[in-house]
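Student: My questions will all concern the structure given below.
The values are calculated or read from the model by the stated rules, or taken from the named source; none is laboratory data. The structure presented is a predicted model; accordingly, all values stated were derived computationally and were not measured. Ideal geometry is used to build each Cβ from the backbone, glycine not excepted, and the neighbour counts take in all protein chains shown.
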Amino acid sequence: MTDALGINGLGRIGKLTLWHHVARRHFPSIVVNVGREVGTGLEAVCAAIEKDSTYGPLHRFLYGVDAEPCVRIVDRDRGLLDVAGTPVTILQEARNPAEIAWKPHGVRIVVDATGVFNDPTLPADHPKGSLRGHLAAGVEKVVNSAAFKIEDKSRSMPEDAAVLIYGINHEAFDPVRHNLVSAASCTTTAVAHMLKPLLDALHASRLLTAAMSTIHAATNSQSVLDTLPKAGASDLRKTRSALNSIILTSTNATAALEQVMPELSTVGFMGDSVRVPTPTESLAILNLTFQEEIDRDGRPLIDRERINRIYRDAAEGAQRGLLVYSEEQNVPADVRGMRAAVVIEGTETHTRTGFVDLDLSTVPGIDEMGFDGIDTIVQFPVTHAKVFGWYDNEYGSYTNMLGDLTVHVHESLG
């Protein structure tokens, strides 16, 4: 096998990445490293690939209700499977990226979907493993299916690492310079696509405040039932049952967004996450405040209709196939598996325009500008906008965008 795709990890994103590329058929073969024995044999790996509690079995997902199972063992000794017509080799010997046999299997690019190796500054020979270990094992490029997280805050982002979101800044990939690429996160991807058309049309310079909340599906990082917190754990909610709880938590989406959209860094973008008992579908709620302009008739230039028109135009133009505009009053199940970075729920877009009094006397250094004896209260209009966007945080949104980015990186290699 030559020019194969490598996938490290067969968790939710690793497995669905395999599904994506089997359906897409861009890569002639795929090598999946699970790094350990699974069940009682290779049949257990086949079952894990074929069956899925969220999307149903692979054969029905790809071909419909009359399809037959499409995962079979070709060569047990070599760990070779046929998955819907694509040769897939399963590796089970190594967990450290530097020790995985990528090169003998012709792998040029690896998607690391373990969620474990997120620090791009760690060397290839780090005792706990690192993304750079894949490079040492003979891979040309690594795409990480999570946001980078530099543990040593004194270190900066390496020159050969980049955070890229397909449809936002993926064209910034430089095959000569970049060896490690982060595809950020599902939430970052969805919110970036919500922000892009607004910033393109209304300009970031008019943005006064920005905040987002994600009503996010449960993930494997949560407990199915209540568990005892580990020593030193400060957030006790993370050990509560994902089946029975609404859990307030944090998100690193805003920090990643500032990396792909630097214009947000001056706004002070805030974000939070609320975990809810759904299997995959999530909802991003975007709150923005714009410096407003009033027309001659006293009407604001930014209103609900204008914002929805911006999204409709984006869905039919620059972000076609990435952003969907809908007025169908969706619920989570309606977007499960939908191929879109985000689905704007246009019926719920809201705006409110008001006037804010700003006391210039509170501005540092204003006394030196000769405002003594002058009324320092200035009134200016602002519009607050709230936008709702659905996204399938597993296959429909994130895995498809990750797949598009992976193919883009691969095609850039020549």
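Student: If residue 330 meets every condition in (1) assigned to a helix (DSSP H, G or I); (2) closer than 19 Å to residue 190 by Cβ apart from one, which number is that one?
Tutor: Going through (1) assigned to a helix (DSSP H, G or I); (2) closer than 19 Å to residue 190 by Cβ one by one, residue 330 breaks only (1).
Student: Within region 198-233, track down each residue that is more than 17 Å from residue 280 (Cα to Cα), among the hydroxyl-bearing types (Ser, Thr, Tyr) and modelled with pLDDT of 90 or more. Walk me through it before giving the result.
Tutor: Looking only at region 198-233, we keep the residues that are more than 17 Å from residue 280 (Cα to Cα), and these are 198-212, 225-233.
Going one step further and asking which of them are among the hydroxyl-bearing types (Ser, Thr, Tyr), we end up with 205, 209, 227.
Across region 198-233, the qualifying residues are 209, 227.
Student: May I pose another question? Which residue pairs have Cβ atoms under 8 Å apart, sit 6 or more places apart or on different chains, and have a first residue in region 348-360 that is more than 9 Å from residue 304 (Cα to Cα) and without any contact (Cβ under 8 Å) to a residue 24 or more places away in the chain and a second that is of a type in the set (Val, Ile, Thr) and surrounded by 11 or more Cβ atoms within 10 Å (Cβ to Cβ)?
Tutor: Matching pairs, first to second residue: 359/376; 360/366; 360/376.
Student: If I ask for residues that are under 25 Å from residue 345 (Cβ atoms) and under 13 Å from the mean Cα position of the chain (by Cα), which ones from region 170-195 would you list? Break it down stepwise before answering.
Tutor: Initial filter on region 170-195 (under 25 Å from residue 345 (Cβ atoms)): 183-195.
Answer for region 170-195, where residues must be under 25 Å from residue 345 (Cβ atoms) and under 13 Å from the mean Cα position of the chain (by Cα): 183, 184, 185, 186, 187, 188, 189, 190, 191, 192, 193, 194.
Student: Take residue 158 and tell me if it is surrounded by fewer than 23 Cβ atoms within 10 Å (Cβ to Cβ) and of a type outside the set (Ser, Thr, Tyr).
Tutor: On the way: surrounded by fewer than 23 Cβ atoms within 10 Å (Cβ to Cβ): yes; of a type outside the set (Ser, Thr, Tyr): yes.
So residue 158 fits the description; yes.
Student: Could you say whether any residue in region 190-209 is in contact with a Pro (Cβ under 9 Å, 6 or more places away or on another chain) and either acidic (Asp, Glu) or buried (at least 22 other Cβ atoms within 10 Å of the Cβ) (or both)? First the steps, then the outcome.
Tutor: Taking region 190-209 as the starting set, the residues that turn out to be in contact with a Pro (Cβ under 9 Å, 6 or more places away or on another chain) are none.
No; the residues of region 190-209 include none that is in contact with a Pro (Cβ under 9 Å, 6 or more places away or on another chain) and either acidic (Asp, Glu) or buried (at least 22 other Cβ atoms within 10 Å of the Cβ) (or both).
Student: Determine if region 176-186 includes at least one residue that is outside the structural domain of residue 356 (by TED's automatic domain parsing), farther than 25 Å from residue 269 by Cβ and without any contact (Cβ under 8 Å) to a residue 12 or more places away in the chain.
Tutor: Taking every residue of region 176-186 in turn, at least one turns out to be outside the structural domain of residue 356 (by TED's automatic domain parsing), farther than 25 Å from residue 269 by Cβ and without any contact (Cβ under 8 Å) to a residue 12 or more places away in the chain.
Student: Here's another thing I want to ask about it. Of these, 28, 69, which one is under 30 Å from residue 179 (Cβ atoms), touching an Asp or Glu at 6+ places or on another chain (Cβ under 7 Å) and in a loop (DSSP other than H, G, I, E, B)? Steps first, please.
Tutor: Numbers: 69 fails: under 30 Å from residue 179 (Cβ atoms).
From the options 28, 69, the qualifying one is 28.
Student: Working only within region 353-364, note down all residues that are surrounded by 13 or more Cβ atoms within 10 Å (Cβ to Cβ) and either among the aromatic types (Phe, Trp, Tyr) or at pLDDT 80 or above (or both).
Tutor: 353, 356, listed by residue number.
Student: Being within 13 Å of residue 179 (Cα to Cα) and part of a loop (DSSP other than H, G, I, E, B) is the filter here, so list the residues in region 138-161 that pass it. Show your work before the answer.
Tutor: So the first thing to find is which residues in region 138-161 are within 13 Å of residue 179 (Cα to Cα), and the list is 138-144, 157-161.
Within region 138-161, 138, 139, 140, 157, 158, 159, 160 meet the criteria.
Student: Also, I was wondering about something else. Check whether at least one residue in region 77-89 is assigned to a helix (DSSP H, G or I) and either closer than 27 Å to residue 141 by Cβ or not assigned by TED's automatic domain parsing to the domain that holds residue 338 (or both), and report yes or no. Reasoning before the result, please.
Tutor: Here is the first cut: in region 77-89, the ones assigned to a helix (DSSP H, G or I) are none.
No; the residues of region 77-89 include none that is assigned to a helix (DSSP H, G or I) and either closer than 27 Å to residue 141 by Cβ or not assigned by TED's automatic domain parsing to the domain that holds residue 338 (or both).
Student: Next question. Of the residues that make up region 7-25, is at least one crowded, with 21+ Cβ neighbours inside 10 Å, of a type outside the set (Phe, Trp, Tyr) and in a loop (DSSP other than H, G, I, E, B)?
Tutor: yes
Student: Is it fair to say residue 143 is in contact (Cβ under 8 Å) with a residue 40 or more places away in the chain, buried (at least 19 other Cβ atoms within 10 Å of the Cβ) and within 22 Å of residue 31 (Cβ to Cβ)?
Tutor: Working: in contact (Cβ under 8 Å) with a residue 40 or more places away in the chain: yes; buried (at least 19 other Cβ atoms within 10 Å of the Cβ): yes; within 22 Å of residue 31 (Cβ to Cβ): yes.
Considered against the rule, which asks whether it is in contact (Cβ under 8 Å) with a residue 40 or more places away in the chain, buried (at least 19 other Cβ atoms within 10 Å of the Cβ) and within 22 Å of residue 31 (Cβ to Cβ), residue 143 comes out as yes.
Student: In addition: If you take the residues in region 312-327 that are touching a residue at least 40 places away in the same chain (Cβ under 8 Å) and in a helix (DSSP H, G or I), which one is farthest from residue 277 (Cα to Cα)?
Tutor: So, considering only residues that are touching a residue at least 40 places away in the same chain (Cβ under 8 Å) and in a helix (DSSP H, G or I), the one farthest from residue 277 (Cα to Cα) is 313.
Student: Go through 230, 238 for me and flag whichever is charged (D, E, K, R), without any contact (Cβ under 8 Å) to a residue 40 or more places away in the chain and exposed (fewer than 12 other Cβ atoms within 10 Å of the Cβ).
Tutor: Values: 238 fails: exposed (fewer than 12 other Cβ atoms within 10 Å of the Cβ).
After applying the criteria, what remains is 230.
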